[in-house]
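Input: a single structure, listed below in structure tokens.
The values are calculated or read from the model by the stated rules, or taken from the named source; none is laboratory data. The shown structure was predicted, so the numbers you read here are calculated from the model rather than taken from an experiment. Counting neighbours? That spans all protein chains shown, and the Cβs are built from the backbone with ideal geometry, glycine included.
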Amino acid sequence: MIIVPKWSTQTYYPRLLSMVIQPPRRLPMKENLLTLPSSGEENATDSMSCVWESLEAKGIPPEAREIMFQSWRKSTRDQYDVHFRKWMLFCSKRNVDPHDISVGNVIRFLTHLYNAGLGYSSINTARCALSSFDCASCHLVCKFMRGVFNSRPNQSRYTMVWDVKIVLNMFRQCKDNSELTLKELTLKTVTLVALITVQRVHSIHQFDLSTMLKGEQKLAFTLELLKQSRPSIKSPIIEIVKYPHCKKICVMDALFSYIERTEAMREDET
């Protein structure tokens, strides 16, 4: 058995068909259907394989390719994977070699996304994904992206500002932390942490007890790699200060109550 891409435009394709003893079977587009023997990582399988093979064609060894793939955070790989799948489907319907990342094919693909109703941000993410092949950063593609921005600019994600006093007043009227259900305590703790630290959900998710420094009046968490992390910037330290004026809206008190309540559930997790 041999598994090959369906590239009818390749010179070897007619000869390959003449050698088969049974009609070819088309494999489904499925995540992790195939895994390269040189890597068990998800980033080198399925739709990401076109990037892997492109780097291989440039003479980059497997060890270096593994390191290069680590330049993409998991969230970035997940975003790019969506557009790589769209790219492969686009190429499959048009009998285009998905490894042929020429300027013309890239612009045709981005135009296809534009006609499908995607906005500038989504189309630019697709361009960034294909920029792994170099040509997606050329001046013609950049000019196309300027046209997308001018004709379909980004819309503000947040158009309203809500009064946090409403939430804080509700917490003041609630029961003590010890009397709240675990769900109520969890929601209250996350809300207070988000309001006090002004951090993204991803950053709050990085809070780890193993990096927590406890003081009498404040807590400090050292965060690991974030979406905004750069080689020249140290990992951020998030401080949570005690609020002695009202215990019911003190984020330190809520956090300690949550840690104590969930201790038996966490086991070895931090």
Just checking, does the stretch 147-158 include any residue being more than 30 Å from E56 (Cβ to Cβ), in a loop (DSSP other than H, G, I, E, B) and in contact with a Lys or Arg (Cβ under 9 Å, 6 or more places away or on another chain)? no
Select from the stretch 96-133 the residues that are without any contact (Cβ under 8 Å) to a residue 24 or more places away in the chain and part of a loop (DSSP other than H, G, I, E, B) and write down the one among them that is surrounded by the most Cβ atoms within 10 Å (Cβ to Cβ). L118
Here's a check for you: in the stretch 76-95, which residue that is more than 22 Å from the chain's Cα centre (by Cα) and touching a residue at least 60 places away in the same chain (Cβ under 8 Å) is farthest from W52 (Cα to Cα)? N95
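Criterion first (among the β-branched types (V, I, T) and surrounded by 14 or more Cβ atoms within 10 Å (Cβ to Cβ)) does V201 satisfy it? Give the steps one after another, and end with the answer.
Working: among the β-branched types (V, I, T): yes; surrounded by 14 or more Cβ atoms within 10 Å (Cβ to Cβ): no.
So V201 fails the test.
Does S47 qualify as being surrounded by 18 or more Cβ atoms within 10 Å (Cβ to Cβ), among the polar types (S, T, N, Q) and modelled with pLDDT under 75?
Numbers: surrounded by 18 or more Cβ atoms within 10 Å (Cβ to Cβ): yes; among the polar types (S, T, N, Q): yes; modelled with pLDDT under 75: yes.
Criteria met by S47.
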Residue count, the stretch 223-241, condition crowded, with 16+ Cβ neighbours inside 10 Å and either aromatic (F, W, Y) or modelled with pLDDT of 85 or more (or both), comes to 1
Reported set for the stretch 154-196 where residues are surrounded by fewer than 10 Cβ atoms within 10 Å (Cβ to Cβ) and within 30 Å of G117 (Cα to Cα) is Q155, S156, R157, Y158, T159, M160, V161
